[in-house]
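The values are calculated or read from the model by the stated rules, or taken from the named source; none is laboratory data. Just so we're clear, the structure is a prediction, and the values are computed from it rather than from any experiment. So basically every Cβ, Gly included, is an ideal-geometry build from the backbone, and we count neighbours across all protein chains shown. These area figures cover heavy atoms from the full protein model, side chains too; ligands, DNA and RNA do not enter into them. Shrake-Rupley method; radii C 1.70, N 1.55, O 1.52, S 1.80 Å.
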Amino acid sequence: MNNIKLIKLSAILLLMFNVSLNAKEVETNQKEEHAASGDLKTEIKEYINHHLLDSHDFSLYSYTTDSGEHKYVGAPLPVILWDNGLVVFSSSKLHHGESVAEVNGNFYKLYHGKIYKTDAAGTINYDDKHHTINEKPFDISITKNVVFIILVSLLMIVVFGRMAKSYNSNQAPKGISKFLEPIILYIRDDIAIPNIGKKHYQKYMSYLLSIFFFIWIINLLGLTPLGVNVTNNIAVTFALALLTYLITFFSGTKDYWKHIFWMPGVPTPMKVILAPIELLGTFIKPFSLMIRLYANITAGHIVLMSIIGLMFVFKSWIGSSLSFGLAFALALLELLVAALQAYIFTMLSALYFGMAVEEHDEHH
Amino acid sequence: MEKLIEQFSFGLFFWQLLLFGILVYFLKKFAWKPILTAVQEREDSINNALLSAEKARIEMQNLQADNERILKEARSERDAMLKEAREIKDKMISDSKEEAQKQASKLIEQAKHTIENEKQAAIVELKNQVAELSINIAEKVLKDELSSKEKQLKVIDDMLKDMKLN
């Protein structure tokens, strides 16, 4: 009982800290550039957009010195490009898009979060639709999100590795296992077994458990002040959905494919019509997984940060405290969404695997 | 949609796929497998323990029922034995009483018989003695009566007198 209370209390404290720190970030941002741009709303919008994007360095916050120079507090990360050969340099050379990096006689410039190949002056050329036409080298840099994925992965390996070890000495769960074991059992007994079936569920357990905890932990940490939002990147959710699709694809039984391409039990013309629909369905399923996770997390962050931003727009005692309360409630909601999205992703993945390995004993 | 495609970062996709693959591999090896096996084992052992407890309980019940049955049997046996003993005792007592009665009556009968015999013998003897005595007396009387001639004649006269009368 006491433990639960403690967890609740610390979660609330963490949230408050989160909100207040985010607020401070906005505040510093606002103060530093208010004079320059003059438009607070645009400023907040840009800040939110910036927050949602991946970046090539791990900066906690930035400020402007009296001389107008931008200072970033954080660490640079390695930039890895494939541009007729592997090009590796530190992201500090890019100066957050403020200067052109010269590596091996080639010039690179960071523009709107992407690295472009430019001339020495760093000119960005546009076509008539305002699309950049500069050459884009193949970018596999270790970005902020990649660093965060690595950190979360290490955290998971340490936590679950320790949990696994704790079972060697004694049978009853202890410490963190006491909290995690029911979740693992829930995924096994209420997600994997009902959806996939007792016969096949075991080979999917590793994937389901990993994906659930990965999404959940990374969503939760994305809500912390220092956390980096990873699942609001379409590339990340695409990778996860692709894995689910591939596993479904390779575990599909003969029966499963038969039901897609030549549905038994319906007239032949219907079979012809159904085949493309069913085939499309196999792509739409993981596609919906990808969009759902991406959209939920992105929307949550945008709304949360907008409401925090409102505090500075209102500039009145009542309005600001109202939006603080709203932001607080929304942050709590986001905690739920973090778990919910992980649950939905795992649940639907299990459902798709279940469809692929299902054994039809009667024709319908 | 266009913005999404524009935002799509192949690098991030690549790293996510690679890192997540590695993560799944390591977690499977070092976490999920041992955890799930341990949990499964524990569940099995709990189930087994419950089953064996149930079995023990049933056995215990059987044992108890057995005990009760044996106890009941022993009790009834004891009761039967007691009853039998009592019956034997009663029978013995009544038998011996009867025997004694018989013996006693037999003795009495014998005694009576003897007494009767003795009585008869005594009567016979008494009779004999009385006869002898009366003969002796009669002899003496006769001797005395018939001691002189006149007396003898008188007797004959008397007798003859009697005869006449008759």
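Could you check how many percent of all C-alpha pairs in segment B:1-138 are farther apart than 28 Å?
75 percent
How large is the charge dipole for segment A:123-236, taken about the Cα centre, if only the Cβ atoms of Lys, Arg (+1) and Asp, Glu (-1) carry charge, to the nearest 20 debye? Before the final figure, lay out each step's value.
Details: 11 positive and 7 negative charges, 142 e Å.
Here the size comes out at about 680 debye.
Along the charge dipole of segment B:1-147, pointing to its positive end and built from +1/-1 on Cβ of Lys, Arg, Asp and Glu, which listed residue (B:ILE35, B:PHE20, B:ALA65) has its Cα farthest out?
B:PHE20
Pull up all non-local amide H partners of A:THR118: gap of 5 or more, or a different chain, and H-to-H distance under 5 Å with H placed in the peptide plane.
Distant-sequence amide H within range of A:THR118: A:PHE107, A:TYR108, A:LYS109.
Residues of segment A:158-178 with accessible area at least 50 Å² lower in the all-protein-chain context than alone (1.4 Å probe)?
Residues of segment A:158-178 that lose at least 50 Å² of accessible area once the other chains are added: A:ALA164, A:TYR167, A:GLN171.
Would you be so kind as to identify which of A:MET311, B:ALA74, A:GLY325 lies farthest towards the positive end of the dipole of the protein assembly as shown, taking Lys and Arg as +1 and Asp and Glu as -1 on Cβ and the Cα centre as origin?
Going by the charge dipole, the pick is B:ALA74.
Could you tell me which residue out of A:LEU86, A:THR64, A:VAL100 lies farthest along the dipole of segment A:52-139 toward its positive end? Charges go on the beta carbon: Lys and Arg +1, Asp and Glu -1, centred on the Cα centre.
A:LEU86
What is segment A:111-252's relative contact order, in percent, from Cα pairs under 8 angstrom and six or more apart in sequence?
Value for segment A:111-252: 17 percent.
Given a 1.4 Å probe, how much area per residue of segment B:29-151 is accessible, in Å²? Don't jump to the answer; show the numbers that get you there.
Details: 10890 Å² over 123 residues.
Averaged over the residues of segment B:29-151, the accessible area is 89 Å².
Check which residues have an amide H placed less than 5 Å from A:VAL79's amide H, if you skip close sequence neighbours.
A:PHE89, A:SER90, A:SER91
If you average the alpha carbon positions of segment A:256-310 and of segment A:199-214, how far apart do those two centres end up, in angstrom?
That distance is 21 Å.
How many percent of the accessible area of segment A:52-139 is carbon or sulfur, using a 1.4 Å probe? Present the calculation step by step, with values, prior to reporting the outcome.
Numbers: 2680 of 5120 Å².
Taking all protein chains in place, segment A:52-139 shows 52 percent carbon and sulfur surface.
Placing +1 at every Lys and Arg Cβ and -1 at every Asp and Glu Cβ, with all other atoms neutral, what dipole size does the protein assembly as shown have around its Cα centre, in debye to the nearest 20?
Result for the protein assembly as shown is approximately 500 debye, rounded to the nearest 20.
Using a 1.4 angstrom probe, figure out how much accessible area segment A:212-360 has per residue, in square angstrom, rounded to the nearest whole.
Solvent-accessible surface per residue comes out at 43 Å².
Rank these by accessible area, largest first, 1.4 Å probe: B:LEU51, A:LEU155, A:LEU110.
From most exposed to least exposed: B:LEU51, A:LEU155, A:LEU110.
Loop-only check: which trypsin sites (Lys or Arg not before Pro) in segment A:97-178 are DSSP coil with at most 13 other Cβ within 10 angstrom?
The qualifying sites are A:LYS129, A:LYS174.
Can you give the accessible area of A:MET270 in Å² (nearest 10), computed on protein heavy atoms with a 1.4 Å probe?
90 Å²
Counting alpha carbon pairs within less than 8 Å and at least 6 residues apart, what relative contact order, in whole percent, applies to segment A:52-139?
Once divided by the residue count of segment A:52-139, the mean separation gives 20 percent.
Counting only protein heavy atoms, what percent of the accessible surface of segment A:198-306 is carbon or sulfur at a 1.4 Å probe?
77 percent
For the interface of chains B and A, what total accessible area is buried with a 1.4 Å probe, rounded to the nearest 100 Å²?
Values: alone 16030 and 20710 Å², together 33060 Å².
In total, chains B and A hide about 3700 Å² from solvent.
With each run of n ≥ 4 DSSP H residues scored as -39500 (n - 2.57), what mean residue ellipticity at 222 nm is computed for the protein assembly as shown after dividing by its residue count and rounding to the nearest 500 deg cm²/dmol?
Value at 222 nm, helices only, nearest 500: -25500 deg cm²/dmol.
What is the distance in Å between the Cα centroid of segment B:1-30 and that of segment B:65-82?
The distance from the Cα centre of segment B:1-30 to that of segment B:65-82 comes to 80 Å.
What dipole magnitude, in Debye to the nearest 20, does segment A:161-228 give about its Cα centre under +1 on Lys/Arg Cβ and -1 on Asp/Glu Cβ?
So the magnitude is around 260 debye.
Given a 1.4 Å probe, show me the residues in segment B:1-31 buried by at least 50 Å² of accessible surface when comparing the whole protein assembly to the chain alone.
Those residues are B:LEU4, B:GLN7, B:PHE8, B:LEU12, B:PHE13, B:TRP15, B:GLN16, B:LEU17, B:LEU19, B:PHE20, B:LEU23, B:LEU27.
For segment B:1-160, what % of the accessible area comes from carbon and sulfur atoms, probe 1.4 Å? Each step should come with its number before you reach the end.
Working: 8130 of 13270 Å².
With neighbouring chains kept in place, the figure for segment B:1-160 is 61 percent.
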